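Beneath this line is the structure, given in structure tokens, with notes to follow.
The values are calculated or read from the model by the stated rules, or taken from the named source; none is laboratory data. Because the structure is a prediction, the values reported are computed rather than measured. Positions of Cβ are backbone-derived with ideal geometry, glycine not excepted, and every protein chain shown enters the neighbour counts.
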Amino acid sequence: MPHPSVTAQTYPHKPAIIMGDSGEMVTYKQLDERSNQGAQLFRSLGLKKGDHIGMMMSNCRQFLEICWAAQRAGIIYTPISTHLKRDETAYILENCGAQLFIASHDLAVVAGEIVDAAPNIQHFYMVDGIVNGFESWEEATDAQPETPIDDQANGVPMLYSSGTTGKPKGVFIAPQSDDVLADHNMAGTLGLIFGFSDETVYLSPAPLYHAAPLHYNNMVLSMGGTTVVMESFNPERALQLIQEHRVTHSQWVPIMFIRMLKLPEETRNQYDVSSMQFAIHAAAPCPVETKEKMIEWWGPIIVEYYAASEGIGATIIDSAGWLSHKGSVGPAMSGTLHILDDGGNELPTGEIGTIYFSGEQASFKYHNEPEKTAGAYNANGWATTGDVGYVDDDGFLYLTDRKNFMIISGGVNIYPQEIENLLITHDKVADVAVFGIPNEEFGEEVKAVVEPANWADATDEVAIELIEWLRERLSSIKLPRSLDFREKLPRMDNGKLYKRHLADEYRGAARDDSTVGH
């Protein structure tokens with residue numbers, strides 16, 4: 001398997017990384033030299049194999065250079081969401097045991113607060129500028145040799161859960177080999193299935209701190225391909241980059257599909273996307289209508305998988321399989337699927353319950369927590385991340401929602417994802433969150449909060465219009481009792497809707513209202 005150092009010897013001037021907006025390019029020779037310099041710096045600071053570093057960085061070429069420096073030094077590196085605040089960031093740095101912290105200058109406000117909030121960090125570096133308490137990463141690495149360190153070892157990422165349902169947890173999966181030239185751990189599975197090779201041109205539209213973009217970018221670079229990294233997602237710019245660089249592979253989340261489809265048809269049709277061989281998507285259930293339109297537009301190159309950072313199992317489905325099982329995320333590719341009720345009993349085909357995987361793949365541990373974390377495993381050793389769904393007669397899995405988001409109204413289980421997937425397809429809706437709020441009679445009622453495509457539509461009349469539109473498509477029990485508008489929903493640039501805080505805000509307000517006059 002090629003490694004950037006190997007590709008640098010055979011194709012030194014081949015583009016390894018191209019930044020989407022700036023056009024800045026890193027050749028394989030430069031990636032090799034800069035990753036060596038980073039590894040040399042780590043050793044000069046006393047960091048050894050198995051030590052941890054933390055990174056809070058926007059998408060930039062240094063991000064991937066640092067990842068490869070850590071990979072060559074046996075360092076465990078933890079990218080941190082750029083949306084986290086001081087205490088959340090400090091918690092992750094303390095939990096993972098990071099000794100060094102690297103931040104982007106455009107995140108200096110939060111990063112600067114970490115100097116006092118994370119006392120165990122021994123070294124602070126910043127890219128593209130500095131603030132008090134930080135040294136320049138570029139100046140520090142430029143002073144280091146461009147040759148490999150003497151004791152290279154295979155470093156790996158340790159990613160943290162998004163924290164949408166509680167405190168983030170670090171998922172540590174040890175490297176399969178200590179050899180820096182060892183195959184990427186996805187090369188023999190998804191890499192093989194999707195045909196990644198040294199001829200791959202991969203478009204990365206999502207933040208690099210997120211699991212899938214990080215793994216796919218690293219796999220492409222491990223194979224000698226070229227990765228085109230968007231600094232931030234813009235639907236039309238993504239299409240431009242596909243055409244400009246003749247992109248062959250890409251990885252998306254459903255909200256990106258939705259925003260591209262909401263572009264004017266004449267805008268969408270002016271870009272040539274025929275170079276695309278695989279458009280991979282995951283991270284959240286995709287509305288059926290959205291996926292139908294994407295397959296019609298891009299052809300049968302859309303492939304979906306369902307998996308988690310914990311690596312407990314996975315499903316996969318191509319366009320043909322999806323068209324015959326619309327709404328499914330496919331049959332199990334690794335592990336064995338089980339659907340269990342709240343009592344831990346296995347449910348028959350078609351019944352909704354918590355999704356579990358069994359098999360060798362269902363073995364993971366959270367960092368600094370017991371290996372069999374409470375709630376992650378059942379008595380049989382089967383693992384779950386708390387998602388809910390069902391399996392059909394063909395063994396295809398369908399997701400309904402996360403268990404934490406399920407609404408119970410009058411004893412009926414309601415899955416917000418179904419309502420969200422429908423409402424997002426309306427022309428006047430840019431984004432939507434659905435959740436339960438307290439109701440004295442029914443226990444909970446359905447609440448919808450909409451980000452309108454145009455703020456001028458944030459009116460009572462449009463709210464009624466949307467609910468009546470839903471009434472034609474949903475049973476009455478699932479209809480929102482009320483619908484509010486927000487200028488911006490907490491949808492992060494990794495595609496995930498962070499609605500826990502929004503739901504807590506409304507539930508708290510409902511509880512406060514219920515105490516008035518008592």
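I'd like the full set of residues that are without any contact (Cβ under 8 Å) to a residue 24 or more places away in the chain and in a helix (DSSP H, G or I), limited to the range 145-198.
Of everything in the range 145-198, just one residue is without any contact (Cβ under 8 Å) to a residue 24 or more places away in the chain and in a helix (DSSP H, G or I), namely 192.
Starting from the range 47-59, take each residue that is surrounded by fewer than 20 Cβ atoms within 10 Å (Cβ to Cβ) and list its partners that are at pLDDT 95 or above and small (Gly, Ala, Ser), counting only C-beta distances under 6 angstrom and pairs at least six apart or across chains.
Final answer for the pair search is 49/74; 49/153.
Identify the single condition in (1) in a strand (DSSP E or B); (2) under 28 Å from residue 91 (Cβ atoms) that residue 46 does not satisfy, given that it satisfies every other one.
So residue 46 meets the others, but not (1).
Identify the single condition in (1) assigned to a helix (DSSP H, G or I); (2) under 27 Å from residue 330 (Cβ atoms) that residue 456 does not satisfy, given that it satisfies every other one.
(2)
Would you pick out the residues in the range 68-91 that are part of a helix (DSSP H, G or I) and surrounded by fewer than 24 Cβ atoms within 10 Å (Cβ to Cβ)?
86, 87, 88, 90, 91 - these are the residues of the range 68-91 that are part of a helix (DSSP H, G or I) and surrounded by fewer than 24 Cβ atoms within 10 Å (Cβ to Cβ).
If residue 9 passes every condition in (1) of a type in the set (S, T, N, Q); (2) buried (at least 20 other Cβ atoms within 10 Å of the Cβ); (3) part of a helix (DSSP H, G or I) but one, which one does it miss?
Unmet condition: (2).
Is there a residue in the range 309-317 that is charged (D, E, K, R) and surrounded by fewer than 19 Cβ atoms within 10 Å (Cβ to Cβ)?
No, the conditions are met nowhere in the range 309-317.
Would you check if residue 285 is outside the structural domain of residue 430 (by TED's automatic domain parsing) and in contact (Cβ under 8 Å) with a residue 60 or more places away in the chain? Explain how you work it out, then say what you get.
Values: outside the structural domain of residue 430 (by TED's automatic domain parsing): yes; in contact (Cβ under 8 Å) with a residue 60 or more places away in the chain: yes.
The answer is yes for residue 285.
Cβ contacts < 7 Å: first residue under 20 Å from residue 206 (Cβ atoms), restricted to the range 8-23; second residue basic (Lys, Arg), any location; separation 6+ or different chain. Result?
Here the result reads 17/61; 19/61; 20/237, each pair linking the range 8-23 to a residue that is basic (Lys, Arg).
Among the residues in the range 27-36, are any in contact (Cβ under 8 Å) with a residue 24 or more places away in the chain, surrounded by fewer than 17 Cβ atoms within 10 Å (Cβ to Cβ) and not aliphatic (A, V, I, L, M)?
no
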